[in-house]
Amino acid sequence: MKLFYSAASPFVRKARIVSIEKGIDDQIELFTSERGKRLDELGPDNPILKVPTLIDDVGEAWFDSPVICEYLDSLVPEPKLFPKDGMTRWQALRIQAIGDGGMDDAVKLAYEAARKPGGRSPYWLGRWRQAVDGALNTLNTEAISLSERLSIGPIAVGCFLGFLDQSRVVGDWRAYREDLALWYEDFAARPSMQETALKRK
Ligand SMILES: N[C@@H](CCC(=O)N[C@@H](CS)C(=O)NCC(=O)O)C(=O)O
């Protein structure tokens, strides 16, 4: 399988963590996709032109990260990262939505921060910041549930928090969020998190 990726993308990291936790990382070859070349590189497979994009062994393209992760989860039975049904499944998907949603708006904050100050939109900066803070506050309240079992929920949250540390788009997210900070300290020590952490040159 081929995974189109960019090293700094938290969504790519999520897919990579799933493949490591499932023990199938060695079946995936990584291909860099550079920002200016996405139409040529990804366009034929992914109309949304985003990484991660996964091409499976028969040439089928999978996106976006929730679909890629569930597809990878289906390839090997254990550990089951997308619970099959019932409330356990809905809760895992709900936590994934908070992690992914926080990541989405943190990535937008990072894109906006890269623009010249005069070209930034105060409205959108404020709106995205509210969503990132909202996600952090909710996750802090629910931090105990993150430790209950490894699933796509905590994996998405780990990638969200890792991106905040890597990009520093919101300063010290740990302040007043001790429960979440404590959970993350443990989670970030997992080999799959260590192996996929952005290596700064
Ligand atoms: N919802 C998508 C988000 C993926 C995403 O936002 N990828 C970013 C990199 S972090 C990207 O490819 N951006 C390129 C662009 O929008 O041109 C997912 O879960 O995979």
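Figures for the structure shown
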{"read-out": "About the Cα centre, charge dipole magnitude for the stretch 17-111 (Lys/Arg +1, Asp/Glu -1 at Cβ), debye", "value": "440 debye"}
{"read-out": "Calculated log₁₀ intensity ratio I(q)/I(0) where the Debye formula runs over C-alpha points of the chain, q = 0.08 Å⁻¹", "value": "-0.26"}
{"read-out": "Selection from Ser145, Ala197, Ala110 lying farthest towards where the dipole of the chain points positive, charges on Cβ", "value": "Ala110"}
{"read-out": "Cα centre as origin, Lys/Arg/Asp/Glu Cβ charges: the chain dipole, Debye", "value": "880 debye"}
{"read-out": "Percent antiparallel among DSSP beta bridges (both partners in the chain, rounded to 5)", "value": "55 percent"}
{"read-out": "Positive-end extreme of charge dipole, the stretch 2-75 - chosen from Ile24, Ser65, Pro10 (charges on Cβ)", "value": "Pro10"}
{"read-out": "Coil-residue chymotrypsin sites (Phe, Trp or Tyr not before Pro) of the stretch 113-201, DSSP, other Cβ within 10 Å capped at 13", "value": "Tyr176"}
{"read-out": "Under 19 Å from the Cα of Lys37 - lysines, other chains or at least 8 residues apart", "value": "Lys2, Lys50"}
{"read-out": "Estimated FRET transfer efficiency (Ala7, Ala113; beta-carbon r; R0 22 Å; 0.05)", "value": "0.75"}
{"read-out": "Unit Cα scatterers, Debye sum, the stretch 86-195: log10 I(q)/I(0) for q = 0.11, 0.15, 0.21, 0.22 Å⁻¹", "value": "-0.35, -0.62, -1.11, -1.19"}
{"read-out": "Over the chain: helical MRE at 222 nm, DSSP H runs n ≥ 4 each giving -39500 (n - 2.57), nearest 500", "value": "-17500 deg cm²/dmol"}
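Coordinate-derived values only; no laboratory data. For clarity, every value in this text was computed on a predicted model and none was experimentally measured. Methodologically, a virtual Cβ is constructed for each residue, glycine included, from the backbone with ideal geometry; neighbour enumeration extends over all protein chains shown.
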